[in-house]
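Working notes, structure below.
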Amino acid sequence: MELNLILNLILSLKLLLSLKLRIYYLCRLMNHRIQYIAFALLVLGITAFTFTQQHTYPQDYFRSPVDYAMKLSGTFGELRPNHFHAGIDIKPLKGVGDNIYAVADGYVSRVKALPNSYGNVVYIDHPNGYTSVYAHLYKYNDTIAKYVKKRQYEKQQFRVDLYPAAGEIAFKKGDLIGYMGTSGRSFGTHLHFEIRNTKTEKAINPLLFGLKLADDVAPRITQLKVYSLTPELRELESKKFDIKKGKYGYYVGGDTLRVGAWRVGLALKAFDFMNNVSNWNGIYSMEMYVDDSLHYSFQMNEISFDETRYINAHCDYGERVTNRSYFNRCYRLPGNRLSVYDNMVDEGVIELEKNRAKKIEYIVKDSYENTSKLRFYIRRAEVKPQDVQQSYNYLLPYTERNLIQNGDFEVDFPKGTFYEDLYLNYQVSYEKSDDTYSPIYHLGDRIIPMHRYFTVGIRPVDLPEHLRDKAVIASCPEGLDEECLSGHRWEGDMLKATTRELGNLTVMLDTIAPSIKVSKIANTMKKNYRMIFNITDDFSGIKSYRATVDDEWILMEYDEKNDQLTHRFDGRIPKGKHRLVLTVEDARGNVATYKKSFGN
């Protein structure tokens, strides 16, 4: 039989039959033991080749963005507040200012300067269809810095999002593009590095591209959480179990868990480690087997930014908010649309039996195939009749838009706001205080995750007309400071705002202007290369700022996490006497102004 005919038979059978059946029928055709072995190997090889082609990425195309051995303080897919980590965080060798290099030939397709988020960030498109991203830079190289500053002065604003023409700023593999720093929302010096699919903009795990790390350390499994569930997957109760490590892997004390429930969901807390690094990083993959059959699994290969907020369904959101603890939920909430799950049987839910324990095995891996295993048994104990403890007065389907209008209060939840049907407890407190202008509306609990923004409306009580523009809707978490909602607007006599958190809501005022404090400025700046100010707002937040010298706009770099404005003298301000004016405005129109004469 000719090779082409054989291959055609294989490809045809592949569409219809399992791997074992394909081998069997091919061998019937060949009718020979030696040929059986040869063709079995051929089919296995072709199948393995196909699988590898679908799940691998270029291994020798990208170099490291640093010139020393990489160590990570954050891994791809790591669980973070409201998002999955979309890259890897590379630790510094010396600190701020470590050189950052282009990982391959390409050109700058995008560059941003932000007071938060990624800070100073550069995007480079490569000919092979991928884009590399370098975030939290201390500063860009001279070419990029000149390009960005020119646009900032043209737009008269620090925050810019720029798209240079293709090839306008080009790099060769290994060219310097900037310096490691802590700009944006970064609380320690590192490079946040990403690789994205240029066309889809999906973030891809950089460690799948052959980047080298010293890592022969297996992940660590620390806690298990068991949820008793109703048939609708509503949680009845839950319990946490500490995980122990033994000679043959991880285990739960007592070996067999007895749970008084017909069905359960599980969640697992696990972390990745690597050589000579103390950071507790995120894992790459998890598999859960029930009686040796794969029941649930995920791999952190790619993440779409459109999906990243579904992390609040993937993790136990209440644990994250209350205890800053991250559990991977191993059953799927109805509204969870994440695409990282490879296998899901019965949505990950486990039906328990009274007379037979079910074997549960977890296999947890990092990106370099270091593996840890947890094994235990679980069986049904006596099930006592019980109702869900949480009281509620509204049942809101997650598949529908839900509108509540209750006199002086209304809330509009768009379709897809919840991950499951919301049993909402809504109450009103009429206690009046001097700084509130409405009752307090108790709208559910802040530990319930919301996926989309929803609109809240409150009709104020006894609000003076001249203070109308200073009114805000505030969230009042118990034991925490009030927080101002965003997107305020008036619709008639109803004040509206948007939020993505449930909780206690009321109308308050913001009449206090932002604060401007001098950190570094003097009457003469001849020996100083920069001036620095700290700006803060106690409630509604900084909306804008503007600085001029002799009525000409000057660039002030804004570091939002440190409330800091910095101007670096670069020759644009000529020698002599000058007049600085700095104005800062908050979200409710309160303005602070600072004026200073200086010489340079």
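The values are calculated or read from the model by the stated rules, or taken from the named source; none is laboratory data. These numbers come from a predicted model, not from an experiment. Using ideal geometry, Cβ is built from the backbone for each residue, glycine included, and neighbour counts are taken over all protein chains shown.
Give the residue, chosen from T222, T189, T182, T230, that is crowded, with 17+ Cβ neighbours inside 10 Å, closer than 29 Å to M288 by Cβ and of a type in the set (V, I, T). Even if it seems obvious, please write down each step before you answer.
Working: T189 fails: closer than 29 Å to M288 by Cβ; T182 fails: closer than 29 Å to M288 by Cβ; T230 fails: crowded, with 17+ Cβ neighbours inside 10 Å.
Every option except T222 fails the conditions.
Does N197 qualify as being touching a residue at least 60 places away in the same chain (Cβ under 8 Å), over 30 Å from K359 (Cα atoms) and in contact with a Lys or Arg (Cβ under 7 Å, 6 or more places away or on another chain)?
Taking the combined requirement at face value, the residue does not satisfy it.
Return only the number of the condition from (1) surrounded by fewer than 16 Cβ atoms within 10 Å (Cβ to Cβ); (2) touching a Cys at 6+ places or on another chain (Cβ under 7 Å) that A474 does not satisfy.
Exception for A474: condition (1).
Going by what's in this entry, would V411 be described as in contact with a Leu (Cβ under 8 Å, 6 or more places away or on another chain), in the same structural domain as L505 (by TED's automatic domain parsing), among the β-branched types (V, I, T) and at pLDDT 90 or above?
The answer is yes for V411.
Starting from the range 500-521, keep only residues that are on the phi > 0 side of the Ramachandran plot, then list their pairs with residues that are assigned to a loop (DSSP other than H, G, I, E, B) and surrounded by fewer than 19 Cβ atoms within 10 Å (Cβ to Cβ) whose Cβ atoms are within a distance under 6 Å, requiring at least 6 positions of separation or different chains.
As it stands, the answer is G503/P477, since those pairs meet every condition given.
Are any residues in the range 299-314 in contact with a His (Cβ under 8 Å, 6 or more places away or on another chain) and of a type in the set (F, W, Y), and if so, which ones?
Y310
Looking at (1) touching a strand residue (DSSP E or B) at 6+ places or on another chain (Cβ under 6 Å); (2) within 30 Å of G260 (Cα to Cα); (3) outside any loop (DSSP other than H, G, I, E, B), which is the one condition that is false for Y441?
All conditions pass for Y441, except number (2).
In the set P449, P439, which member is out of contact with any Ser or Thr (no Cβ under 8 Å at 6 or more places or on another chain), crowded, with 17+ Cβ neighbours inside 10 Å and either free of Cβ contacts under 8 Å to residues at least 24 places away in the same chain or closer than 20 Å to L502 by Cβ (or both)?
One residue alone meets the criteria, P449.
For the range 522-564, please list each of the strands (runs of 3 or more DSSP E) lying entirely inside it that holds at least 3 residues being more than 15 Å from F158 (Cα to Cα).
On the way: elements: 530-536, 542-549, 557-559.
It comes to 530-536.
Is it the case that K269 is basic (K, R) and more than 25 Å from the chain's Cα centre (by Cα)?
Details: basic (K, R): yes; more than 25 Å from the chain's Cα centre (by Cα): no.
So K269 does not fit the description; no.
Answer with yes or no whether K561 is outside the structural domain of S117 (by TED's automatic domain parsing), surrounded by fewer than 16 Cβ atoms within 10 Å (Cβ to Cβ), closer than 30 Å to L485 by Cβ and not polar (S, T, N, Q).
yes
Quick test for you: out of A547, A497, pick the one residue that is among the small types (G, A, S), outside the structural domain of Y594 (by TED's automatic domain parsing) and modelled with pLDDT of 95 or more.
After applying the criteria, what remains is A497.
Which one of L333, L338 is touching a residue at least 60 places away in the same chain (Cβ under 8 Å) and in the same structural domain as L236 (by TED's automatic domain parsing)?
Sole residue among the options that is touching a residue at least 60 places away in the same chain (Cβ under 8 Å) and in the same structural domain as L236 (by TED's automatic domain parsing): L333.
Would you mind finding the one in E400, E361 that is farther than 30 Å from T498 by Cα and either assigned by TED's automatic domain parsing to the domain that holds E478 or in contact with a Lys or Arg (Cβ under 6 Å, 6 or more places away or on another chain) (or both)?
From the options E400, E361, the qualifying one is E361.
Among the residues of the range 473-496, how many are outside any strand (DSSP E or B) and in contact with a Lys or Arg (Cβ under 7 Å, 6 or more places away or on another chain)?
Within the range 473-496, residues that are outside any strand (DSSP E or B) and in contact with a Lys or Arg (Cβ under 7 Å, 6 or more places away or on another chain) number 2.
What pairs come up if the first residue lies in the range 458-480 and is without any contact (Cβ under 8 Å) to a residue 40 or more places away in the chain, the second is loosely packed, with under 14 Cβ neighbours inside 10 Å, and their beta carbons are under 8 Å apart, counting only those six or more places apart or on different chains?
Final answer for the pair search is R468/W490.
Out of all the residues in the range 154-209, which are of a type in the set (F, W, Y), within 21 Å of P65 (Cβ to Cβ) and either within 21 Å of the chain's Cα centre (by Cα) or assigned to a loop (DSSP other than H, G, I, E, B) (or both)?
Answer for the range 154-209, where residues must be of a type in the set (F, W, Y), within 21 Å of P65 (Cβ to Cβ) and either within 21 Å of the chain's Cα centre (by Cα) or assigned to a loop (DSSP other than H, G, I, E, B) (or both): F187, F193.
Here's the yes/no breakdown for (1) farther than 30 Å from Y419 by Cβ; (2) basic (K, R); (3) in the same structural domain as R320 (by TED's automatic domain parsing):
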| position | (1), (2), (3) |
| --- | --- |
| I473 | no, no, no |
| R489 | no, yes, no |
| I535 | yes, no, no |
| K543 | yes, yes, no |
| W553 | yes, no, no |
| G571 | yes, no, no |
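Kindly evaluate V364 against the criterion of being crowded, with 18+ Cβ neighbours inside 10 Å, under 22 Å from D292 (Cβ atoms) and either within 25 Å of the chain's Cα centre (by Cα) or of a type in the set (S, T, Y) (or both).
Yes: the conditions hold for V364.
Being on the phi > 0 side of the Ramachandran plot and assigned to a strand (DSSP E or B) is the filter here, so list the residues in the range 238-280 that pass it.
Residues satisfying the conditions are G249, G254, D255.
Looking only at residues that are surrounded by 16 or more Cβ atoms within 10 Å (Cβ to Cβ) and not hydrophobic (A, V, I, L, M, F, W, C) in the range 569-595, which one is nearest to G487 (Cα to Cα)?
R588
Can you report the number of residues in the range 73-90 which are under 29 Å from A170 (Cβ atoms) and over 13 Å from the mean Cα position of the chain (by Cα)?
Within the range 73-90, residues that are under 29 Å from A170 (Cβ atoms) and over 13 Å from the mean Cα position of the chain (by Cα) number 2.
Which ranges mark the strands (runs of 3 or more DSSP E) fully within the range 281-399 that have 3 or more residues being at pLDDT below 95?
Filter on the range 281-399 gives 341-344.
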